[in-house]
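I have placed the structure first, in the form of structure tokens, so that the comments after it can refer back to it.
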Amino acid sequence: MYKIVEKRQLAPQIYLMDVEAPRVAKSAKPGQFIIVKTDEKGERIPLTICDYDTVKGTVTIVFQTLGKSTLEMADYQAGDYFTDFAGPLGEASEFISEEIEALKQQKIIFVAGGVGTAPVYPQVKWLQQQGVQVDVIIGARNKEMVILEEELKALSARVYVTTDDGSYSRKGLVTDVLKELIDNGTRYDHVIAIGPMIMMKFVAKLTKEYAIKTTISLNPIMVDGTGMCGACRVSVGDEIKFACVDGPEFDGHLVDFDEAMRRQAMYKTEEGREMLAMEKGSHTGGCCGGHN
């Protein structure tokens, strides 16, 4: 059993929880994820890690209520327990294995959309701890939906915020801000985008025009987190990958976003889940049940 030691609401339908999970906290790295089960009969919910504290033995998760399982999670309070909290899973961010001095010579910018700001945070934090300063663009529908802005600023990151409706900071898309920064003379070596699929698609399309290395995270299409359901099967260049076991991070210029978004839409229907389970090339084991 895994105790929830803190819970707070960051925005409408978006919650943060600190969970006691010492072994996960000890092994976690930026870019990885965990799988939560609220009880023995609950669905497996894959969530990227927002933070971890090896001293306290806690792992921070952030989730948005999108369906039955996450709505049930939102009812849990500090002092309650999850039945399962498995991880860390997936591959860590690639810069973890790079030479620190080489990283310090790079100009890196993170582009975060909505709840995608949560998995951006541990990456920026890790880099800051190594003496690497980065830029961050946060995009949200409106002022209420902007999360973790102050926490990122506290890491000495240069943070730009844009909202769809212009209710906070500036009005526009994250790609508008990124293009403006590049056109005004900022030369980025690496763009890391995490957020809705459509956002990542257009970030990658823009950076390809400027020949800037781009990494994206396919955590939005993960379902069971083990590759068994095949829902996160995606074409990356000439290869077939599974976001949960081969990723979740991939070269944004090689990902077939249209295919990934079609599969994501299919998985929302029972018929679509059955079709994906029968597809040649999917991992065996069948469909993983309902969606979150």
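Things worth noting here:
- Note on Lys68 and Asp176: with the Förster distance fixed at 51 Å, the Cβ-Cβ geometry gives a FRET efficiency of about 0.90.
- Whole-Hz ³J(HN,Hα) from phi, Karplus 6.51 cos²θ - 1.76 cosθ + 1.60, for segment 23-40, glycine and proline x: 5, 5, 4, 5, 9, 5, 9, x, x, 8, 9, 10, 10, 10, 10, 5, 8, 4
- Signed unit charges on C-beta, dipole axis of the chain, positive-most listed residue Ile194, Tyr160, Ala25: Tyr160
- Kirkwood radius, the chain, all distinct C-alpha pairs, inverse of mean reciprocal distance: 19.3 Å.
- In this structure, the amide hydrogen of Ile192, modeled 1.01 Å from its nitrogen in the peptide plane, lies closer than 5 angstrom to those of Ile109, Phe110, Val111, Thr215, counting only residues at least 5 positions away or on a different chain.
- With the charge dipole of segment 63-113 set up from +1 on Lys and Arg Cβ and -1 on Asp and Glu Cβ about the Cα centre, the Cα lying farthest toward the positive end among the listed residues Ala78, Phe63, Val111 is that of Val111.
- Potential extension, Ser156-Glu98 segment - 0.36 nm per residue separation minus Cα distance: 18.7 nm
- Accessible area per residue for segment 28-122, computed on protein heavy atoms with a 1.4 Å probe, is 42 Å².
- Residue separation of Thr54 and Gln128 scaled by 0.36 nm, minus their Cα-Cα distance, works out to 24.9 nm of gained length.
- Dimensionless Rg/Rh of segment 1-94 - Kirkwood Rh, Rg from C-alpha atoms: 0.93
- Full extension of the chain segment joining Ile240 with Tyr81 gains 53.5 nm, where the gain is 0.36 nm per residue of separation less the Cα-Cα distance.
- Kirkwood Rh, angstrom, segment 66-111 [1 / mean 1/r, Cα pairs]: 14.9
- Computed accessible area, Lys213, all protein chains, 1.4 angstrom probe, square angstrom: 90
- Nonlocal amide H pairs with Val255, under 5 Å, H built at 1.01 Å: Gly237
- Positive dipole terminus of the chain, leading residue within Leu254, Ile14, Ala243 (C-beta point charges): Ile14
- Dimensions (Å) - segment 121-176, Cα atoms, principal axes, largest first: 36, 20, 13
The values are calculated or read from the model by the stated rules, or taken from the named source; none is laboratory data. Everything numeric in this text was worked out from a predicted model, so none of it was measured. Ideal geometry is used to build each Cβ from the backbone, glycine not excepted, and the neighbour counts take in all protein chains shown. Surface accessibility is based on the protein's heavy atoms, side chains included, excluding ligands, DNA and RNA. Shrake-Rupley method; radii C 1.70, N 1.55, O 1.52, S 1.80 Å.
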